[in-house]
């Protein structure tokens, strides 16, 4: 299954480290929210295209047929916060 997300502020991520930081934290947020909702995750992979400000979480659940619900998240980045919105 796929879950899309975007960054509200459309930041300019200058380094590979910034991209990895965003992807790592989106994945962790996904896993944490699924744990809170008591849904076991088989796998989760995150991807982001900065040119279009579109990202996806590719995931699959164990013994659950529904879709994932994720609230938006605030993520500290450099000297500011970015808001990641899940659709």
Return the residue satisfying two criteria in turn: it lies in the range 57-74 and is part of a strand (DSSP E or B) and surrounded by 16 or more Cβ atoms within 10 Å (Cβ to Cβ), and of such residues it is farthest from the chain's Cα centre (by Cα). 61
Among the residues of the range 20-39, is there at least one that is farther than 14 Å from residue 84 by Cβ, in contact with a helix residue (DSSP H, G or I) (Cβ under 9 Å, 6 or more places away or on another chain) and without any contact (Cβ under 8 Å) to a residue 24 or more places away in the chain? no
Tally of residues being over 24 Å from residue 9 (Cβ atoms) and buried (at least 16 other Cβ atoms within 10 Å of the Cβ) across the range 19-38: 1
Selection within the range 44-53 - touching a strand residue (DSSP E or B) at 6+ places or on another chain (Cβ under 6 Å) and either loosely packed, with under 14 Cβ neighbours inside 10 Å or in contact (Cβ under 8 Å) with a residue 24 or more places away in the chain (or both): 45, 47, 48, 53
Being more than 9 Å from the chain's Cα centre (by Cα), on the phi < 0 side of the Ramachandran plot and assigned to a strand (DSSP E or B) narrows 42, 3 down to just 42
If you go through the range 45-52 one residue at a time, do you hit one that is over 11 Å from residue 86 (Cβ atoms), part of a strand (DSSP E or B) and touching a helix residue (DSSP H, G or I) at 6+ places or on another chain (Cβ under 7 Å)? yes
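Each reported figure results from applying straightforward, stated rules to the coordinates on display, with no laboratory input. Bear in mind that the values here come from a model prediction, so they are computed numbers and not experimental data. Using ideal geometry, Cβ is built from the backbone for each residue, glycine included, and neighbour counts are taken over all protein chains shown.
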